[in-house]
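Undergrad: Okay, here's the structure, questions in a sec.
The values are calculated or read from the model by the stated rules, or taken from the named source; none is laboratory data. All figures in this text were calculated on a predicted structure; none of them were measured in a lab. Cβ coordinates were reconstructed from backbone atoms using ideal geometry, including for glycine residues, and neighbour counts include every protein chain displayed. Just so you know, the surface numbers come from the protein's heavy atoms only, side chains and all, with ligands and any DNA or RNA stripped out. Shrake-Rupley method; radii C 1.70, N 1.55, O 1.52, S 1.80 Å.
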Amino acid sequence: GAAAASCRDLLEAAADRATEALSAFAAEQVVLLTQGSLTLGGEHPAMLRLLDFWAKHFGEPAGDDGGLPADDVAQLAQLLTLVAPGHGAVFEALGARLLEAAGSLSSNGRASVLEAFPGGEGPAFACKEKLLEVVGAAQEEEAMARAKAAEAQKAAEGEEVCRGNAREAEQAPRSPESEAAGRRPRRPGEARRGEGAAAGRTAGGAEAATVPRAGGAEPRRTAAGRSSDPR
């Protein structure tokens with residue numbers, strides 16, 4: 001009760017004093033002062049002075065605005081629609097400035113514009129339809145580009161996972177079961193490679209080593225299967 005009334009009295013006194021010399025402030029400072037004075041309402045003398053300041057400020061060439069970023073202009077427009085929707089002069093100036101700076105608006109700045117005039121509602125000014133068309137198209141284009149980028153990123157991540165799985169499969173040691181499965185089973189009667197030739201050499205050597213000589217005496221065999229008989 002009493003405390004709230006006292007705070008409002010202090011706010012009114014501070015706003016009245018500050019708005020009597022707005023030309024001494026930079027545009028960024030007047031933005032802060034406007035934000036702090038919103039609770040006074042659009043019909044308060046201090047707020048009316050602020051609205052007149054902005055109507056004049058944005059009615060001047062863009063190079064004279066003290067470098068106020070486009071996003072700040074969009075946020076200011078959104079705030080002023082809440083307290084002074086009937087102040088046509090300020091919205092004519094704000095709308096023209098926003099249309100001129102539409103290319104400099106970020107995604108957040110464009111969102112502020114669209115929220116300030118949802119579905120074309122809110123304060124009326126000459127270029128509102130064109131402003132909303134330009135801002136809405138840019139916002140939609142950015143959303144589509146973001147969706148495409150997300151799809152491309154997802155596809156790239158999927159390909160990287162597949163390549164990683166393939167590398168792991170190549171580097172993993174093979175189990176005896178997988179090696180056995182990869183070998184062709186032998187057919188019945190099929191000898192291992194080299195076994196047939198070795199067996200043939202062994203059989204031939206053994207046969208030659210055991211053939212008796214004509215004289216009836218069996219020659220003495222050496223380890224290599226050759227006879228050591230000097231005859």
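Undergrad: Please determine, by comparing only the residues of segment 124-146 that are open to solvent by 60 Å² or more (accessible area, probe 1.4 Å) and among the basic types (Lys, Arg), which one is farthest from the chain's Cα centre (by Cα).
TA: Filtering segment 124-146 for residues that are open to solvent by 60 Å² or more (accessible area, probe 1.4 Å) and among the basic types (Lys, Arg), the one farthest from the chain's Cα centre (by Cα) comes out as Lys130.
Undergrad: State the number of residues belonging to segment 118-147 that are closer than 18 Å to Val90 by Cα and of a type in the set (D, E, K, R). Before the answer, list the steps.
TA: Filtering segment 118-147 for residues closer than 18 Å to Val90 by Cα gives 120-132.
Checking which are of a type in the set (D, E, K, R) leaves us with 121, 128-130.
Within segment 118-147, residues that are closer than 18 Å to Val90 by Cα and of a type in the set (D, E, K, R) number 4.
Undergrad: Any residue at all in segment 39-52 that's touching a Gly at 6+ places or on another chain (Cβ under 7 Å), under 14 Å from Ala101 (Cβ atoms) and among the aliphatic types (A, V, I, L, M)? Working first, answer last.
TA: Of segment 39-52, the ones touching a Gly at 6+ places or on another chain (Cβ under 7 Å) are 47.
Still in the running and under 14 Å from Ala101 (Cβ atoms): none.
No, segment 39-52 has no match at all.
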